[in-house]
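Student: If you scroll down you'll find the structure; I have some questions about it.
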Amino acid sequence: MDREPPEPPENPEKCVGIDVGILKYAHDTDGTTVGSLDLSDERERLEREQRKLSRKQHGSNNYEKQRRRVAECHADLRRKRRDFLHKLSNYYAREYDLVAVEDLNVKGMMESPSNSRNTASAAWRTFLSLLEYKCEREGTHFVAVNPRGTTKECASCGVSTEKPLWVREHSCPACGFEADRDANAAWNILSRGLEDVGVGHSERTPVETALPADTPVSAKRVVEAGSPTLKERTASAVSE
Ligand SMILES: [Zn+2]
């Protein structure tokens with residue numbers, strides 16, 4: 001039996017659309033952009049320990065010791081990645097009444113498999129499942145929308161324009177609307193989300209609201225502060 005979906009908020013005050021990306025971790029309709037988590041130090045350490053392991057005699061005591069060190073490095077990487085995703089998803093679930101994201105089950109089928117894409121989509125999946133669960137816990141409406149064409153479509157007029165990955169700006173030939181590529185996608189995700197819950201486009205179109213200036217936030221800051229905002233947050237809000 002299907003679970004009853006939660007009632008859509010009558011008049012959701014704080015709504016956000018999040019474009020989860022490859023180059024940036026996330027870009028939302030409030031102009032917050034969150035960078036990817038920099039784990040290069042941890043990865044370097046892992047590679048170093050792996051190289052050491054390859055030089056040890058298989059089955060020796062030293063080999064065993066080194067094998068444990070490699071396992072610790074793997075665990076450290078996993079822990080840091082998860083910690084980041086927990087904090088980011090907590091932030092969205094607590095800060096908003098409605099959170100719209102792309103449905104990755106549909107998106108996954110549309111995209112050709114390649115290694116980097118798979119890694120990115122594994123992280124997306126983890127993020128989205130954490131986000132969905134936390135939204136439920138906080139009473140926040142979680143909407144997963146059809147991802148088809150969210151990047152090509154103009155958030156202002158709806159006209160689709162082809163846009164290869166390296167084109168980072170959206171510039172609409174039909175209406176002249178200009179925005180960051182991911183900001184434009186985030187707006188499309190939000191309006192689809194509002195449509196899905198029956199709230200309609202309302203007056204929240206990018207042109208009328210005037211796109212907020214993007215606020216880039218490093219992933220490190222999310223990890224340290226527990227949220228991508230610069231606002232002071234209570235200790236209870238950041239602990240999980
Ligand atoms: Zn347009």
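Student: What's the number of the condition ALA213 fails, among (1) in a loop (DSSP other than H, G, I, E, B); (2) at pLDDT below 75; (3) more than 16 Å from the ligand (Cβ to nearest atom); (4) surrounded by 14 or more Cβ atoms within 10 Å (Cβ to Cβ)?
Tutor: In the conditions (1) in a loop (DSSP other than H, G, I, E, B); (2) at pLDDT below 75; (3) more than 16 Å from the ligand (Cβ to nearest atom); (4) surrounded by 14 or more Cβ atoms within 10 Å (Cβ to Cβ), ALA213 misses (4) alone.
Student: Having 1 or more residues that are modelled with pLDDT of 85 or more and of a type in the set (A, V, I, L, M, F, W, C) is the bar; report the strands (runs of 3 or more DSSP E) wholly within the range 98-173 that clear it.
Tutor: Strands (runs of 3 or more DSSP E) meeting the threshold: 98-102, 141-145.
Student: Let me ask something else. Within the range 153-175, work out how many residues are polar (S, T, N, Q), free of Cβ contacts under 8 Å to residues at least 40 places away in the same chain and within 6 Å of the ligand (Cβ to nearest atom).
Tutor: 0
Student: Output the number of the condition that ASN90 fails; it satisfies all remaining conditions of (1) closer than 23 Å to ASP214 by Cβ; (2) out of contact with any strand residue (DSSP E or B) (no Cβ under 6 Å at 6 or more places or on another chain); (3) assigned to a helix (DSSP H, G or I); (4) at pLDDT below 95.
Tutor: All conditions are met except number (4).
Student: Moving on. What's the number of the condition MET1 fails, among (1) surrounded by 16 or more Cβ atoms within 10 Å (Cβ to Cβ); (2) over 18 Å from VAL223 (Cα atoms); (3) modelled with pLDDT under 90?
Tutor: Here MET1 meets the rest and fails (1).
Student: Evaluate the following for ARG48: is it loosely packed, with under 13 Cβ neighbours inside 10 Å and farther than 30 Å from THR151 by Cα?
Tutor: No, not satisfied.
Student: Ok, one more. Residue check, ARG51 against (1) charged (D, E, K, R); (2) at pLDDT 95 or above; (3) part of a loop (DSSP other than H, G, I, E, B), all met but one. Which one?
Tutor: The one condition ARG51 does not meet is (3).
The values are calculated or read from the model by the stated rules, or taken from the named source; none is laboratory data. Nothing here was measured: the structure is a model prediction, and the numbers come from that model. So basically every Cβ, Gly included, is an ideal-geometry build from the backbone, and we count neighbours across all protein chains shown.
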